[in-house]
Amino acid sequence: MKELDRLALRNDLLTILTELREDWEYSDEITEQTGIFGDLGFESIDAVALGSAIEEHFDQSLPFAEFLTKAGERQAKDITVRDLLDFLMVSLNRSKERRS
Amino acid sequence: MAKVLLNGINVHYQIKGEGPDVVLIHGVTSTLAIWYTKVIPALAPDYRVIAYDLRGHGYTDLTPSGYTSRDMAVDLLALMDHLGIEQARLVGHSFGGSIGLHLALLHPDRVAGVVLSDTGIACLRHLRTIRDWPGWDLYREQLAQYGITYDWFVDAENRDVSEVIRKSFEIPQQFGPRKGSMRATPRLRKLVDETNVSGEFRQIAGLTEERLTEISTPVVAVYGETSPYKEMGVHLANVMPNCRCEILSGTGHFYLLLSPELFLERIRGFLRDPAGFIADRNGSDGENREAARQVDSAQPGQQRCRS
């Protein structure tokens, strides 16, 4: 089975993030190191909206609440774009495996 | 993101799961995010769980006024109508509980039960024990760093609660994924600076002590042991005909964030069967229910608190 293309996923994620925060003041380039809370100024409700937007984009239910909980439990200072990409790679691959 | 135009504002909501309807109502200056990581995943296997952002909060539109528990109950009713919910179990954290009670007062047929999660009720402000609040011992030094002393707090809160809310913006987040970040966000500042929320959410707005006693909807009042609002829960169990109080040992006002599992454990039986849970004075299902009813009617409130 072909692995998901990380670069394509990254582009999808950046599109979702940009659409979600049309009015954000962040003008630097978003990289995999960018933090959604510290850099992009997300509030908790934005993280929830991001989860919904990701599920809508990929048209499936994903364990995003669990992902946020685990980030909180490991006392992560922030959630980076790389963390989100890792989450998406794992979750989407799993659901692909389940379907095949 | 699901939004619907109700009473002139776009209301943001989320739905998960299938089963009897449970509506989650957050408190002032919060959002539906408070339910997202623990409560919704725990309830969604058994219920259709609806969480929404109150007027002026999260992704729901902001208006200059409309922030009393009555106004918010009208918004909630419109959301229930839109979603085709005939009757719901309502779970309200803090001020969200007042909204649930207000809807039960205005439309008892639409509410199967109300869970109060450490709700401070405007008409019961005299029962708040801020002077004796054990939290002062726990947080005194921490709060002093931000200029919040006991005397300042009591004085400021009596004058204008918006000053207290603004002051709280300077304190780093204590919970959640933004822990350590400044509590102030552009949305929160806008809410406090551009609306009457600070004055309106503390209005009694018709939910008087007398009217509370008329609400026969099953209510479980879950309060933190060290919460300044705990006595309100005890009082409600004494004066409301179908109310039980559950005290969570070793917790305070924010137990929902710190110990959500403890809260969920206490409300599961109620959500399954609100009327049966209230009738059982031990809070467990099944036997001695009729005996419990008789005891409760003979000694209103005396058997209705559990730690």
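FYI, it's all coordinate maths here, none of it is from the lab. Everything numeric in this text was worked out from a predicted model, so none of it was measured. Backbone-built Cβ (ideal geometry, glycine too); neighbour counts: all protein chains shown.
Numerical summary
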quantity	calculated
Calculated P(r) tail over 39 Å for the protein assembly as shown, as whole % of Cα pairs	19 percent
Whole-Hz couplings from phi, Karplus 6.51/-1.76/1.60, listed for segment B:56-68; x for Gly and Pro	x, 10, x, 9, 8, 4, 9, 10, x, 9, x, 10, 7
Dimensionless Rg/Rh of segment B:1-109 - Kirkwood Rh, Rg from C-alpha atoms	0.92
Long-range HN-HN contacts of B:Ala112 with modeled amide H, under 5 Å	B:Ala88, B:Arg89, B:Leu90
³J(HN,Hα), Karplus 6.51/-1.76/1.60, whole Hz, each residue of segment A:86-100, x for Gly, Pro	4, 4, 5, 4, 5, 5, 6, 4, 4, 6, 5, 4, 4, 6, 7
Cα convex hull of chain B - mean projected area over all directions, nm²	14.8 nm²
Alpha-carbon Debye profile of segment B:171-273, log10 I(q)/I(0) at 0.11, 0.16 Å⁻¹	-0.50, -0.96
10 Å binning of all Cα-Cα separations within chain A, expressed as whole percents from 0 upward	14, 51, 30, 5, 0
Ellipticity estimate at 222 nm from DSSP helix runs (n ≥ 4, -39,500 (n - 2.57)) divided over chain A, nearest 500	-19000 deg cm²/dmol
Principal axis dimensions, segment B:57-146 - Cα atoms, whole angstrom, descending	49, 27, 19
Under 5 Å, built H, 5+ apart or other chain: amide partners of B:Ala221	B:Leu116, B:Arg244, B:Cys245, B:Glu246
Per-pair calculated FRET efficiency, R0 = 35 Å: B:Asp193 and A:Leu14 via Cβ, rounded to 0.05	0.60
Net lengthening on full extension, A:Glu29/A:Glu55 (0.36 nm per residue, minus Cα-Cα)	6.9 nm
